[in-house]
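The values are calculated or read from the model by the stated rules, or taken from the named source; none is laboratory data. The structure displayed is predicted, hence computed values, not measured ones. Note that we place each Cβ from the backbone using ideal geometry, even for glycine, and neighbour counts take in every protein chain shown.
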Amino acid sequence: MRALYSLAVLLLLVACDQTPSASDGASESNAAATASQAESAASESAVAEASTDASAEEANTGAENSALPDFPHDPPTQLVANSGSGYTDMTNWAPGICFPLAQTPDYANSQVYSPGGDHYPSASASSHGSQCDSANYSYPWHDNFCEARNWTNPVCQSGQGHQGQDIRPTACHKDIYWAVAVEDGTVTQIGSYTVAITGNAAPHRIFRYLHMQRASVQVAVGDHVVRGQKLGLVSNNLGVSNGVQQYTTIHLHFEVRVAQAETMADGTQLAANAFVPPYIALVDAYQRKLAGDCPTVN
Amino acid sequence: MSDSGKPDRGALASAMVGAGVVAILLGGLAFGVVTYAQVKAQTSASQVTAARPRPVFALRKPLPPAKVQWSSALRQIATQNQNAKTQTPAGAFAAKLQKPALDQIRLPVILPRNGAAISAAKAKLLSFGDAYALNLPQDQGVQITVYGNRSFVPADAGAISRRPMQRLLNVAENVAVEQTEDGWTATFERYGVVYTLDVSCDDIKSPACASDAYLRNAVASFSDVTLGAQAQAEASAAAPQPSLLDKLNQNISKLAKGN
């Protein structure tokens, strides 16, 4: 009988141990990650198998083969219907980066083709819903690199499109959620709502964060930053126009640029800098974040 | 039950305790389920689920640092020095940059030519060794940021060769010009290095960002170049050494002149 009581108490303690702290987003994620990892041990071998099938020029290896908590997300390159021509590049252009937001959950999706966006389908020409609609703060994630825009983007099939990935923070509140450095790097530009950092390590990627709250930015040009270091709060700033503050939805626009070289038939190289799709790197970073990677650094 | 058909007190007590334990167990399990549900809800309906086979994506390792065409950079510097005899010294802008950073950069650092309307008053030069950034805040919320980089990642066939490029006035190289969320960017290759010039504006409708004209002028103005200590050393090491025949010719020439 004592054994039964002990078992009952043990079960209760185990259950209590899974209770996340309501005030700590990271521990919430970790708890969920632990739970999901427990469920997923069986799929590890499948992961390894999938990785050995790589036909890419170089496959993900090492830690990336291990099982990480998954979350609902559309595959890369799959845009919201009728939101643009998309792209085909399936490269992880920034492997190993931290996820650019400190707290989870976060929601990568379209600002324009979702509720509250100018192109969200609705019966009314003037009202397109609310940016705080629960649909915007739910999984699955949606890729929105190359979403229809007028900006030149040679990676997009149409030659034009969105140059980064939009990410909504945990909830529809501005100036609360921290954006963090994705790599060890140096701050190379700060605008009224932008922060750019350049990675210390080759290939010295340029990462830009847009729509930040300027007053909250904790770094200056020339500052060295480490992975997970707080940069500033995610807001809805869009600069000014004729002296009047402009706003967008509450989100982080995150973009990555990489210097690239194309080898020609005669052996010569052509080189240029280019925006690259961040979605694959972000999914990977988010999964690692859910498993406890990249603790926030003040 | 006892043989008499009456409930046995001992057995009843055991049954009650057993039922209690089962209740506790079920309660514990139920609590556990609720807790897990809470976890799922608080990670935000997170629907964080078991891992599934992860798709495999391509990775692209950076290539070794590209060779810089030092001789071209040195020729440009010689031209600048020649012009300096009649104009403001070409090093005036360079003198405003942070020398420790400049000396660590293993690249030609491009600068605005004399007379260009680009302020270096708040210039910040940042070294990454094989890359650098030069942030140049201008008036009225306009910023120019120049990046130089010789650490490349392999690109797909056509990614650059089929990219739309433009010829800009007074610029020798083809330049890719693109509008961004907060301004304009240009990228081009010079001396074997990729240079990127961003113009960003607090007011996207301000004259500097309303069109690409300001960016084009800025790119055209960045025709000068300077080398820090490490770049100088690398340029010297890369300079062709005179052959034995060259040395013999030099000696003969000296002898002929009576030196």
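A few points about this structure:
- Considered as a group, the residues in the stretch A:73-130 that are within 12 Å of chain B (Cβ to nearest Cβ) and aromatic (F, W, Y) include one that is farthest from A:W141 (Cα to Cα), and that residue is A:W93.
The rows are residues; the columns are (1) of a type in the set (A, V, I, L, M, F, W, C); (2) in a loop (DSSP other than H, G, I, E, B); (3) more than 12 Å from chain B (Cβ to nearest Cβ); (4) more than 15 Å from the chain's Cα centre (by Cα).
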{"position": "A:R227", "(1), (2), (3), (4)": "no, yes, yes, no"}
{"position": "A:G232", "(1), (2), (3), (4)": "no, no, yes, yes"}
{"position": "A:Q245", "(1), (2), (3), (4)": "no, no, no, yes"}
{"position": "A:L270", "(1), (2), (3), (4)": "yes, no, no, yes"}
{"position": "A:I280", "(1), (2), (3), (4)": "yes, no, no, no"}
{"position": "A:D284", "(1), (2), (3), (4)": "no, no, no, no"}
{"position": "A:G292", "(1), (2), (3), (4)": "no, yes, yes, yes"}
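- Residue match in the stretch B:101-118 (condition: at the interface with another protein chain (Cβ under 7 Å from one of its Cβ atoms) and basic (K, R)): no
- Residue match in the stretch A:254-263 (condition: of a type in the set (G, A, S) and touching a Pro at 6+ places or on another chain (Cβ under 8 Å)): yes
- Total residues in the stretch A:97-136 satisfying the condition of being closer than 24 Å to A:R205 by Cα and either in contact (Cβ under 8 Å) with a residue 60 or more places away in the chain or in contact with a strand residue (DSSP E or B) (Cβ under 6 Å, 6 or more places away or on another chain) (or both): the figure is 10.
- Leading residue by the ranking (nearest to the chain's Cα centre (by Cα)) among those in the stretch A:247-260 that are crowded, with 24+ Cβ neighbours inside 10 Å and without any contact (Cβ under 8 Å) to a residue 60 or more places away in the chain: A:R257
- Taken together, A:A272, A:A265 contain a single residue that is farther than 23 Å from A:A181 by Cα and crowded, with 24+ Cβ neighbours inside 10 Å, which is A:A272.
- The single residue among B:V225, B:V199, B:V219 that is in contact with a Cys (Cβ under 8 Å, 6 or more places away or on another chain) and β-branched (V, I, T) turns out to be B:V199.
- Of the residues making up the stretch A:168-188, those that are assigned to a loop (DSSP other than H, G, I, E, B) and among the β-branched types (V, I, T) are A:T170, A:I176, A:V182.
- Filter result (under 18 Å from the mean Cα position of the chain (by Cα) and either in a loop (DSSP other than H, G, I, E, B) or at pLDDT below 95 (or both)) within the stretch B:124-141: B:F128, B:G129, B:D130
- Yes/no for A:R257 being within 28 Å of B:F188 (Cα to Cα) and basic (K, R): yes
- The set of residues in the stretch B:142-159 that are closer than 23 Å to A:E262 by Cβ, within 8 Å of chain A (Cβ to nearest Cβ) and either assigned to a strand (DSSP E or B) or touching a helix residue (DSSP H, G or I) at 6+ places or on another chain (Cβ under 9 Å) (or both) comprises B:Y147, B:N149, B:V153, B:P154.
- Residues in the stretch B:198-222 that are acidic (D, E) and closer than 20 Å to A:G243 by Cβ: B:D202, B:D203.
- Residues within the stretch B:136-151 that are farther than 15 Å from B:T187 by Cα and aromatic (F, W, Y), tallied: 0
- A:V180 farther than 19 Å from A:A108 by Cβ and of a type outside the set (S, T, N, Q): no
- The residues listed here are B:I110, B:I77; of these, the one that is modelled with pLDDT of 95 or more and either assigned to a loop (DSSP other than H, G, I, E, B) or of a type outside the set (D, E) (or both) is B:I110.
- Complete set of residues in the stretch A:137-152 that are under 20 Å from A:E255 (Cβ atoms) and in contact with a strand residue (DSSP E or B) (Cβ under 8 Å, 6 or more places away or on another chain): A:W141, A:H142, A:D143, A:N144, A:F145, A:A148, A:R149, A:N150, A:W151, A:T152
- Number of positions in the stretch A:178-218 that are at the interface with another protein chain (Cβ under 8 Å from one of its Cβ atoms), under 22 Å from B:V153 (Cβ atoms) and under 16 Å from the mean Cα position of the chain (by Cα): 2
- Answer residue from the stretch A:148-189, given it is crowded, with 23+ Cβ neighbours inside 10 Å and among the hydrophobic types (A, V, I, L, M, F, W, C) and is farthest from B:A131 (Cα to Cα) among those: A:I167
- Residue count, the stretch B:87-107 (criterion: touching a Lys or Arg at 6+ places or on another chain (Cβ under 9 Å) and either of a type in the set (K, R) or part of a helix (DSSP H, G or I) (or both)): 3
- Every residue from the stretch A:114-137 that is under 18 Å from the mean Cα position of the chain (by Cα) and either closer than 27 Å to A:V297 by Cβ or buried (at least 17 other Cβ atoms within 10 Å of the Cβ) (or both): A:S114, A:N136, A:Y137
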